[in-house]
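None of the figures in this text is laboratory data; all of them are computed from the coordinates on show. Because the structure is predicted, anything quoted here is derived from the model rather than measured. Quick reminder, even Gly has a Cβ in these numbers, built from the backbone with ideal geometry, and neighbours come from all protein chains shown.
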C-alpha cells in the first residue's frame, strides 16, 4: 500500500506522467488499474488511453466517481431497488416540509413557499456530501445561541425527517458513494490493484472516504494535482489554494491509515508551451507581482471587442471560419468557453447555424421548458382551474392532442366569441348560442368538435372527486397520456425524426417523455400513499420537472465545443475562445450565501463541522478558474468582450483584459465597433456573405455575379428588399372589379374609413379581414343594442302617444325593452355570468334617462318623428343613395338613427339625430378632409327623398349628435325633481349644426347648442363639401388606390385604434410612409375655403 502525488503547474505534463506510471504498472505486474477522472472528460480520456496503450487497454478501467459507483453496483448489486433522482428529491422535500412546518420555528414561514424546497434539498445534499448528520447539527445547536440556534434545530428536524424517507428500498445520488464504500469493503473489491486519480482539484468528504479506503486496500494510489508546491496553503488568495488544501487532507488520510507515502513527483514547469513563448509568458506571469512585461507583438493571444453580444458572436464565428480556412484547423480543435453560458447559448446556436459551423453545446435544459411538458401539464391546470380558457386550449392546440388543428381553431374562435365557462365543457349538452360570425351549420360542426375533444378531459377530470392519494392521481394521469393519444403521437414524432436521420431530436423527445413519466414515478415512490390536493399535486410535479435536467450526447464528430468555463476540462483544444470577458462576469461575483450564511459556516467550522466553502473562499477560487481558462489552449487564446448588451446598456471589460494588456502592451487587438473597409471582412459564411454583399454591392461585383448564377431568385428578392418602401401597388381594374363588383356598393362610413386610410379600407372591405369576435360588449356592440332599445321604445310611444307617457311608464318600458334585447342578443353564456346583473342595471339607467329625454323633447317641441333607424336601401325607408364616382355608378346604403320633421306653411324642416355613446360635435376640419361626412350627406338625402315623396319643399333644420348617457349632476337637496331634470337636460344638450332661424330655434331651443347655428347657404356648403369628399373617396377606391396614408388630426392618428396596424407595417421613417396631417380650422376658415372649392368646382363644370 503506497500513496503519492504528482503535481505541477498547468501544462507541466502531469497527465503524461500519469500515463508513464500506468505504463510502468502494465509492464511490471498483472494487477488491474483504475484511472479515475472527472465525469466530463471521461470519454475523452478513454480515447486517449486507447490511443496510448492499444491492446493493453483491457487492464485499464477509465472511470469517474459516478461511473465507479455504476461499475461496482452492476457487479454486486444496485444500491437499492428504487433510486430517487433530483426530481424525486424535490418532491420528497415538499412532503417533508408539509409534514414538518408546524414543528419549525424560524424556518416555518419559508417552508410554506415552493422555492424553499429547492434550497432545502441543496442544503441537505451538502450535509450528506460532507458526512454531517442531524445529531451533529443538534449538538452544535447546544453550543450556540440566538436565531442561529433555532435555525440549526429546524435544519436538523428537516434533515432527520428527510433521511427517514430514504430507508430501503429508497436511495439517491448522495447515498451512492456511501453505499459504494460499503460494497467495496463487504465484497473486498479492488484488492492490490493500482489507482491513478487525475485532473481533480478537490474532493468531497465522501469522495475522500472512498480514496482513503482505496489507499488501505490497493497496491498504490497516485493523485495528480495542479499546484506549484504541496505545502499547506497560507492564504485563500493563492491560486492553488484548493489543490494545496486537498494535498494536506490526502497526506493526513495516508498517515491515519498507515499507508506508505512515496516521494512525490514534481512535473516541473509548463512544457506544453515550450514552443509558444506568448502563452508560456502568460502562464508564468499572470499571477506574478510584479509581472515581467512581454513587449513583442502577439500572434497567439488576441483581444477582441464587439458592439454587443450578437456582434461578439458573429465576430467569433468569422474567426472560427478563418482559422479553418487559413490555418487548416478542424472544428474539433476549437473550444468556446464562457461564464455567461445562458446569455450566449441561444445567440451561438443561431449564429453558428447561419455560418455553417458544426458545434456541440454542453448544456442541460429543464424538462419544464419543452412543449410536451407544457401540453400535458396544461391538462392538470385545466382541471384545477375549472377549465380555464388558456389551460384548455394550450392542450388542445398542442401537437400532442389528437385533433385536427383547423378544427381546434374553429372551436377556439367560437369559445372566444361566446365566452368560456366550466359548464360548457362539463355538460354533455350541445352549445346553442350563435355568436357573431357563426351560423347554424358552423355551430353544428363546433359541437361535433367539442364533443370529440372534451371526452379525454372529462374522463380525466371525473376521477378526482373525493380524497385521492398521489398514487391514484398519478395512475389517472398516466392513463390520460395513453388514452388521449399523447404518448402515441410523441413516439411517432420520435420515430419520424430518427427515420430522417435527426437522431438528436428523436432522443430529445424520448428524454422529455422519460423525464415526465420519471417525475410521476418519483412522486409515487416518495409520496405514493399520501393524500394530497389536486392543486398541491400539480405544484409538486411542476416543481420537480423544473429540476429535471435533460442533457445531450457528447460529440463524436468534428464539432466546436461550446461549454461553461466551470465545466470545461479539455486537454486537446488547440484554439480556445473565452467570450463575455466583462466586469462581474469573468471572474464572477458571489453574493448568495444559501440557507447557511458565511458567518454561520465559520461558526460551524469552529465547532468541527466542515461544510462547502463560503462565498469569500469561492470568490478567491475564481483565480484558479481564470488560471485554468487562460492556460487551456494549446496554440492560440482569444478573449472577446462586448462594450454593450443587446439593449445598448454599457458593459465594461473584465480586469482580466486589463491585466493581460498590462503584461502584453502590444497584444493583438481587434473590434467590430466601427465599419471596416476591408472587402474580405464578413465573407466567412454563405448567409453573412450574402448580406454583406448586398449592403456593399458596388465593391462585390464578381461575388454578385456568383450569387446571380447560383441563387438568382434569392438575389432578386434581396435586392428588392433593399429598395423596399412599404408602398402598396395600385390595384388593377380586374382586381377592383373582383373585390367590389361591377357596380360597387358602399356606405358613407366606408368612405370615411377610406379617407382616414386607404389601406385600412382595402383590408376591411376589399380583403374582408376582420378581428375575430370576442366575448365582450364592445362600444360598437353597445351602440347597436342602444339604438335598438331607443327604436323600440320610440315605436311604443308613437302608438301610445308621446303626451301620455309619464316618467314611471318611461322607466318601466325602457327597462323591460333593455333587459329583453340584451338577453336575446348576448346569449346564456353572458347573461349567466356574475357581472351581468351589474351591466344590466347600468344600461337600464342610461336607457331610462335617454328615453325620458327623447320623450320630453317630443312633448315640448313642434318637431314630430319622421322615423327611427331610417334606411337607405332597396325596400327600405328610402331608396339607396347613388353617386357618380369618376364615371362609375356607386350605390350607397345606410341608416339614419332618427329624423324629425316640422311641417309649416312655408315648407317642411328636417332635423336628423345621430346617437353616440361618447361626446361628439361638428368638426369642420374633419368634414373638409372627409372623415366626418355622415350627417351632411344624410340630411341632404332625407330632404331630397322627402321632398320627392311629398311634393313639398323640405329644408335642413339641424344636424345633431346625442350622447346616450346618464350624467351625474350636482344638485341642492332642496331642488325639485323638475329642477334636477333641467340640469340633466343641460348636460345632455345635443351638439351639432342648426339653421340660423328664430323659428327653428323656438322649435328645438331646448336641445341644441345655440353657438352651432348656420345660415341655409352655409349648411348647403357643408353638404356640398361632404358630398364632394364622398365622391372623391369612391373615385379613389374604384381607381384601385390603396395608399397607406393615415390621417393625423390634432395629434391623434388613424392608427391609434386601427385593427390593422400590425398588418400594414406603416413606418414614418420609410420613404413614402407619411401621415396626412389635417390642420385644425375654425368655422369661418372652413366656410371661406369651402366656398372657394365650390366656385372652382362650378367653374370646372362650366
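An oblate overall shape is assigned to the range 85-165, the ratio a/c of its alpha-carbon gyration tensor axes (a ≥ b ≥ c) being 1.5 or greater and a/b not exceeding b/c. With the simple spin-label model, which puts each label point 7 Å out from Cα in the Cβ direction, the residue 143 to residue 40 separation comes to 3.7 nm. Apply 1/(1 + (r/R0)^6) to the Cβ-Cβ distance of residue 1056 and residue 1085, taking R0 = 25 Å, and write down the FRET efficiency to the nearest 0.05. The formula returns an efficiency of 0.45 here.
Residue separation times 0.36 nm, minus the C-alpha to C-alpha distance between residue 28 and residue 150: what's the value? The residue 28-residue 150 span can extend by a further 38.0 nm. A crude spin-label estimate for the pair residue 737 and residue 903, with each label 7 Å from Cα along the Cβ direction, gives 4.8 nm. Here the extension length gained between residue 860 and residue 495 equals 123.2 nm, from 0.36 nm per residue of separation less the Cα-Cα distance. In terms of packing, defined here as the mean over residues of other Cβ atoms within 10 angstrom, the peptides 63-72, 241-250 line up highest first as 241-250, 63-72. Angle of helix 173-186 to the longest C-alpha principal axis of the chain, folded into 0 to 90 degrees and rounded to 10: 20°. The alpha carbon radius of gyration of the chain, expressed as a multiple of 2.2 N^0.38 Å, is 1.31.
Which FRET efficiency value, to the nearest 0.05, is calculated for residue 947 and residue 767 with the Förster distance at 35 angstrom and r the Cβ-Cβ distance?
0.30
Per-peptide packing, taken as the mean over residues of other Cβ atoms within 10 Å, places 1-13, 795-807 in the sequence 1-13, 795-807 from highest down. Distance from the alpha carbon centroid of the range 454-509 to that of the range 210-285 works out to 52 angstrom.
Against the chain, whose longest principal axis is taken from its Cα atoms, helix 65-76 shows a tilt of about 70°. Modelled spin labels at residue 369 and residue 542, positioned 7 Å past Cα toward Cβ, are 1.8 nm from each other. For the pair residue 478 and residue 404, a Förster radius of 22 Å applied to the C-beta separation gives a FRET efficiency near 0.30, rounded to the nearest 0.05.
Seen against the Cα atoms of the chain and their longest principal axis, helix 779-800 is set at about 30 degrees.
Extension gain, residue 974 to residue 119: 0.36 nm times the residue separation minus the Cα-Cα distance gives 300.9 nm.
Tell me, how many Å apart are the Cα centres for the range 59-132 and for the range 325-356? With the range 59-132 and the range 325-356 each reduced to a Cα centre, they are spaced 35 Å.
Each of the peptides 604-612, 118-126 was scored by the mean count of other Cβ atoms within 10 Å over its residues; in descending order, highest first, they stand as 118-126, 604-612. Rounded to the nearest 500, the helix-only mean residue ellipticity at 222 nm of the chain stands at -16000 deg cm²/dmol, with each DSSP H run of n ≥ 4 adding -39,500 (n - 2.57). The distance separating the Cα centre of the range 384-424 from that of the range 1024-1095 comes to 41 Å.
Taking the fewest neighbouring Cβ atoms within 10 Å as the starting point, the ordered list for 130, 281 is 130, 281.
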